[in-house]
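My questions will all concern the structure given below.
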Amino acid sequence: MRPPFDLVPLTPAPLTPASLAAWRAEVSAALSAVTCDFEEKHGYGPGENAIHPPEAEDRAAAGRLGAEAAGFAELALYFSEVGAVTMSDVGNAYFLHSGARALRERVALPGAPGAVPAVLIGSDGGGILYAVGADGAVWRSGAASEESGFDRITHDLAEFLDLLRRSVHRFHRTAQPGLV
């Protein structure tokens, strides 16, 4: 018997167009499974749960981000392959910005290496913010405010995306909140 998806230990490889396509397909299928019987399980209908394709301005933003700092290389690749992500019904909800929006939303991360401001890539339903530092690490705010401070939660974007993937499977299986 295979262990549940959220328990499968993975060491995510660097992102590639193929790995992002596989991530999109797996997470999209898992989101469909979450919404399939959502109303029966929770007593109300599901919200939006979708991974959108990138738009032209997202791809342009990806190119600009990739030129800013070496640590944004995975982020640039991600935004060239994936648009906005909405997981309204997974745990407390997760929202990942489009590339165009992320390019405009920056935050200083005291303690993070690099002089380039971090890129805010999304939030959860409680307002916790997620940002990618110039070194490529993903950081999470301590509360629903930039002033609450940030802690590093993953070494890179691939690891963060894997946590989101596992969160969707975990929520579908157990109704427990996510891992990020």
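Throughout, read-outs are computed from the coordinates displayed, never taken from laboratory work. Here the structure is a predicted model, which means the values were calculated and not measured. Neighbour counts are summed over all protein chains in view; Cβ atoms, including those assigned to glycine, are modelled from backbone coordinates with ideal geometry.
Taking the simple approach of a point 7 Å from Cα along Cα-to-Cβ for both residue 104 and residue 64, what is their distance in nm?
My value for the distance between the label points is 1.0 nm.
How big is the convex hull of the Cα atoms of region 58-115, per residue, in Å³?
It is 101 Å³ per residue.
Can you compute the radius of gyration and Dmax for region 80-175, using only the Cα atoms, both in Å?
Computed over the Cα atoms of region 80-175, radius of gyration and Dmax are 13.0, 42 Å.
What label, among (i) 50, 45, 44; (ii) 49, 35, 31; (iii) 70, 50, 37, belongs to Cα extents along the principal axes in Å computed from the structure on display?
(ii)
If you don't mind, there's one more thing I want to ask. About the Cα centre of the chain, how large is the charge dipole given +1 on each Lys and Arg Cβ and -1 on each Asp and Glu Cβ? Please answer in debye to the nearest 20. Working shown, then result.
Numbers: 14 positive and 22 negative charges, 46 e Å.
Taking the Cα centre of the chain as origin, the dipole is about 220 debye.
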